[in-house]
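Please read the structure below before turning to the comments.
The values are calculated or read from the model by the stated rules, or taken from the named source; none is laboratory data. Keep in mind the model is a prediction, meaning the values are calculated, not measured. Quick reminder, even Gly has a Cβ in these numbers, built from the backbone with ideal geometry, and neighbours come from all protein chains shown. Quick note on the areas: whole protein, heavy atoms, side chains included, nothing else; ligands and nucleic acids left out. Shrake-Rupley method; radii C 1.70, N 1.55, O 1.52, S 1.80 Å.
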Amino acid sequence: MMLRLMRRILLGAVTIATVYTLTFVMAVSIPGNPFQTGERNMPAEAEKALRARYHMDNNWLYFWEFLSGAVRLDFGPTFTYNDWTCNQVIADSLPVSAMIGSLAIATALIVGIPLGVWGAVRHGTWADHATTFTVLLGISIPTFVTGSVLLIVFGVYLGIVPIGGWGTVAHLPLPVITLSLPFIAYIARLTRMGMLDVLASDFIRTAYAKGLPHRMVIWKHAFKVAFLPVLSYLGPATAQAMTGSFVVEKLFGVPGIGQHFVNAALNRDAGLIMSTVLVFATLLVVFNILVDLLYAWVDPRIAEAV
Amino acid sequence: MFRTIVVACLTLIAAEVSWIALGESHDRADFTYVNPSGIHTLDPARMSWTQDFRVALNIWEGLTTWHPQTLEPIEGAAVLPPDVSADRLTYRFTIRNDARWSNGDAVTAGDFIRGWRRAMEPGTSADYAFLFTDHIAGALEYVRWRQECVAACTDAAARDAAFARCAGEMDQRFATVGIRAENDRMLVVTLAQPCPYFLDLTAFAPFLPCHQSIELLRERHEGAPLTAEGLVVYDPQWTKPDYHRNGYPGLITNGPYRLSEWTFKRRARLEVNPFHRDATRIACRTVDMLEYENLAASLLAYESGAVDFLTDLSVPYDHELARLAKSGQRPDFHPCVLLATFLLNFNCVGPTVAGRDNPFVDPRVRKAFTLALDRPQLVDKVRRRGDRPARSFVPPSSIPGYEPPAGLPHDVAEARRLLQEAGFPSGQGLPPIELLYVPSDERMCQAMAKMWEDALGVRVELRSQESKTFAEEKAKHRFMIARGNWYADYNDPTTFLDCLVTGNGNNDSGYSNAQYDALMAQANGTADAVERSRLLQAAEAIIVEQDCPILPILHYTDMVAIAPHVRGLHANSRLWFPFRYVSIQR
């Protein structure tokens, strides 16, 4: 198991290095002057000096300087938000996104799993069709539509939650629900599919034949196996949810990290582009490794096989 | 197993909700407003956005400041009027006895010199260094020398010698710039030429003072106060109220308010500066500036009562808001007629653009395209926001003592005749005309393209670029026609007209006309206000009636929302809102 873990960590490091290299090439290739602040043009000498100051006049040097900083967890300055460093931007915004993302995933698990199990157990009935339809809606309706509807209904008409912002418990429900809806849909679908496969297995028939109660067969025997695809999905899903959603953050005025993925690219802020991408890549790798470990816990055969 | 998952999830939810509940703060400020897209920087030397100026001019105070309604310069940190020499070149400002920083220190002439010097330094300065090089005696020479220094220090071959020379000569060179402190309370400024609007400039952000504590955060290289590249650099975190590296006390300002809290992309809290001379008379003791990336959400927050004031209503349905304001149904929506023009730049640089023929080097073609455009139609039917159609660069009836020329009307017959005269009858022989713009102008540009196609028989290709790429294309003159806009920096026609002087950094058309340059130079050297105005009008006539390097489309009218319980805020052409005069009457 330890060997497998070490191998995964090593592979993760290679993945992150590759992602960094590709992002770096793209970040320095796109046209546009990161130091230009407004409509007016900047003197050429000043731009040259600033590029020299941040080693941006020599891509090779910049590549290694940024990498050595990143290894020490120092991502350097941002060119868009002059008064802040990339570290501060990430330290301020990542916890916000992580909180909303983790709450969304927790909500999605609590709602999505029973929905999927219910659909599978009542396969072919109106309950199954209703579940499938709800899942389809959850996947197809974009978050900017569901978010806007929730905002207008609960924020404007009913006035029970604030319109955007961050800092109180009342600010949580709308972005969390909006963000969780597609995850609920995916988790419900994966659970339903997993359960349908498992419910047709011999060991389930054997369990029923032994006289085990229906509830126990479903939750104790079938679900444990049916959950594995959901567990695989949880790794990337959690990384994605915790690194923010541009749409949800923009809609609800949430100061998360998702907006920086988009804005940094638009602003040609190479430092912030690479910092945010590295954070995302690292979280993705870490959560995938965690899922691997959980796999071994849920299904000891995997650990034994290794 | 499902039970384990549910218990884990519920525990997580409970922990996170408790965490945020414990950190909740319910203290609402006396006055809350939304600064759209937030603060880019609070360093006055680097500012170029209205929303940043708005915060800066509430927490700092220049030698003068602006009247909240008329925008006339009024007394700031200096006694008005200053002592001005007979040739209008030397201004002697006396700093008020009671001008104080937010830590109680007296504001000195040296603080202004420090602030102004930062604002003209290459690398520290941003868009407004030209205000110093254009107006202060010796500033242009100093900045040019500094730019040479920086270029030499970044050149690997001569780096060490250049650095030593720059560091050694820097203060000596700066002494030739027309800014000096006669004593702690007397600032003497020598101008390069008379400037009738100088007291207007001294209220503006780049002219704000800077407290001496910033020197604790200055970068040094080999003992000299410069970076290895020859730049003057301060730790950019100096604008934070809670930043204390190297014994720095946190941001100290001299305005009616001080910054007490600033969280990234969330909120800035202003509190009355207890040492300001008007501290006891300010009704709103605390002001919250909230950041909303989404303007529609900020409007919803305003409607729900969470916000008292919105400085920007540019939502996708703003034409509907303009209609409600115009019909009197929303008296809290106030139009602000801005000193700003939306325009198109014609490329006047050369006969080819990126390998294609550029017909716009011929003024007759530029004039034909100007005449063919129905600007009132664009304003009323396409934009529908209550802007004013433009025929001049300087907005009419906006600057006291100056009225721009009439400009060109909508005249398709004359446009066709001019195009024929230029050798393109019915548009034949013209290459496809490329119009470069940013996505926010999509509808306007489509409508203009259609107008030209219908009126002149030309083919127009639309090229939309997001703003950074657009800026680079424009700066390198890789366009035939490019959208542009200009917001006045001060209350004088030259803030617009200087842009088209040969070699000006913002002359995006690449236009050059010796007669125009001569008229502008003559106006700059003229003390008589009426004669100066006549000369400027003659100059503007060249660009909007004769040569047409730009095509003015409209003069912007923005809207702000002021809640009915707010008193003391006035819609104005600069979107300048001093909060010291605001009171709440619910």
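Given an 8 Å cut-off on Cα distances and at least 6 residues of separation, report the relative contact order of the range B:426-517 as a percent.
Relative contact order of the range B:426-517: 26 percent.
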## Note on the structure
For A:Lys220, counting only lysines whose alpha-carbon sits under 29 Å away and dropping same-chain residues fewer than eight positions off, the answer is A:Lys210
#### Entry: Largest-first principal axis extents of the Cα set of the range A:229-303 (Å)
49, 26, 15
### Query
Extent of the range B:337-558 along each principal axis, from alpha carbon coordinates, in Å, largest to smallest?
49, 37, 37
### Task
Just the isolated ones, please: cysteines in chain B lacking another cysteine beta carbon under 4.7 angstrom.
B:Cys9, B:Cys153, B:Cys195, B:Cys210, B:Cys284, B:Cys336, B:Cys348, B:Cys445, B:Cys499, B:Cys548
#### Entry: Histogram of C-alpha separations across the range A:127-207, 10 Å bin width, %
17, 34, 25, 14, 8, 2
### Those residues of the range A:213-228 for which accessible area with every protein chain present is at least 30 Å² below the isolated value (1.4 Å probe)
A:Trp219, A:Phe223
#### Entry: Fraction in percent of alpha-carbon pairs per bin - 10 Å, the range B:1-157
8, 23, 27, 16, 10, 8, 6, 2, 0, 0
### Task
Whenever you get a sec, compute what percent of the accessible area on the range B:337-558 sits on carbon and sulfur atoms (1.4 Å probe).
50 percent
### Message
If you wrap a convex hull around the alpha carbons of chain B, what volume per residue comes out, as a whole number of Å³?
### Response
216 Å³
### Query
Most fluctuating residue of A:Thr21, A:Thr146, A:Thr206 in a GNM of chain A with Cα springs under 10 Å: which is it?
A:Thr206
### Message
Could you tell me what a quarter of the Cα convex hull surface of the protein assembly as shown works out to, in nm² with one decimal place?
### Response
43.1 nm²
### Summary
In this structure, among B:Lys381/B:Lys450; A:Lys250/B:Lys265; B:Lys381/B:Lys474, pairs with alpha-carbon gaps over 21 Å are B:Lys381/B:Lys474
### Rg followed by Dmax, in Å, when the range B:61-233 is reduced to its Cα trace
16.9, 56
### Query
Tell me, what is the per residue accessible area of chain A in Å², probe radius 1.4 Å?
46 Å²
### Task
Could you do me a favour and compute the accessible area per residue for chain B, 1.4 Å probe, result in Å²?
38 Å²
### Where B meets A: accessible area buried, both sides, 1.4 Å probe, Å²
5800 Å²
### Query
According to the Cα gyration tensor, what semi-axes, each the square root of 5 times an eigenvalue, does the equivalent ellipsoid of the range A:1-146 have, listed from largest to smallest in whole Å?
45, 23, 15
### Task
Per DSSP H run of at least 4 residues, take -39500 (n - 2.57); add these up for chain A, divide by its residues and hand me the 222 nm value, nearest 500 deg cm²/dmol.
-23500 deg cm²/dmol
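If you average 1/r across every pair of different Cα atoms in chain A and take the reciprocal, what Kirkwood value do you get, in Å?
Here the Kirkwood hydrodynamic radius works out to 22.1 Å.
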### Task
Lys and Arg at +1, Asp and Glu at -1: add these up for the other residues within a Cβ distance under 10 Å of B:Leu299 and post the number.
-3
### Query
Straight-line reach from B:Lys476: which aspartates and glutamates have Cα under 13 Å away, leaving out those fewer than 8 places along the same chain?
B:Asp508
### Query
How many percent of DSSP beta bridges within the range B:337-558 run antiparallel, rounded to 5?
70 percent
### Query
Once the Cα atoms of the range A:113-162 are picked out, what are the Rg and Dmax in Å?
14.8, 42
